[in-house]
1. Starting at the first residue of the range 49-61, write each ³J(HN,Hα) from the Karplus equation 6.51 cos²θ - 1.76 cosθ + 1.60 with θ = phi - 60°, in whole Hz, x for Gly and Pro.
2. Tell me the volume per residue, in Å³, of the convex hull enclosing the alpha carbons of the range 2-143.
3. Scan the range 7-95 for trypsin sites (Lys or Arg not before Pro) in coil per DSSP, keeping those whose Cβ has at most 12 other Cβ atoms within 10 Å, and list them by number.
4. Compute the separation of the alpha-carbon centres of the range 44-116 and the range 2-26 and state it in Å as a whole number.
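Here, each number is a calculation from the coordinates, and none is a lab measurement. Here the structure is a predicted model, which means the values were calculated and not measured. Glycine also receives a Cβ, built like all others from the backbone with ideal geometry; neighbour counts cover every protein chain displayed.
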Amino acid sequence: MRTIAFVSESGGSGKSTIAASLAAAAHETGDKVCVIDMDPQGSLMNWSTIRASRDIGVIACGGARLPALLVSLEGMGVTLAILDVPGAEGEASTAAMRAADLNIAPSRPSLFDLRASARTRTALEEIGAYMTSCSCSISARLANRPPTSGTAPRRWPRGAN
Ligand SMILES: Nc1ncnc2c1ncn2[C@@H]1O[C@H](COP(=O)(O)OP(=O)(O)O)[C@@H](O)[C@H]1O
Ligand SMILES: [Mg+2]
């Protein structure tokens, strides 16, 4: 089972939106997907209710219960667990970062949002999960919502890494 976490300390960066999109796309291509909603805001629990379909499981879970839940999902044949994480540092985000094979930190390509996502990078570095190419635990940043007009930035602004 692969575990992908959407982590970013910046609220509104697109974690829940991309997590739901990835869940639907992976389901369509044959994965047995389970979404774990770790955010008390419950965006993906609401998404599940609105979809009214049980093809993609969505479970609410806090940080303390996460490791046991992942073990049990793997035992049930889930092939992809997607973690939607609150936009604030805490037990849930730390547990998710540690458990994930891949951490993805979406960010809008604006200076303020990129600066906020630098804190996420620091948190990932502290648990040894940032861009460690020789480990199975890696992290990535994803530019979300590029400008609809004008020229989209081609690279991260200097100092935002
Ligand atoms: N690529 C996108 N294009 C347009 N709207 C987006 C995109 N990604 C996110 N949004 C919108 O931005 C808002 C915040 O997204 P959300 O996924 O809830 O962020 P987060 O989970 O990081 O707080 C929502 O209204 C969502 O519909
Ligand atoms: Mg969210």
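1. Values, residue by residue: 5, 5, 5, 6, 9, 9, 5, 10, x, 10, 10, 8, 7 Hz.
2. On the way: hull volume 14.8 nm³, N = 142.
Convex hull volume per residue, Cα atoms: 104 Å³.
3. Those satisfying the criteria are Arg54.
4. Between the Cα centre of the range 44-116 and that of the range 2-26, the gap is 7 Å.
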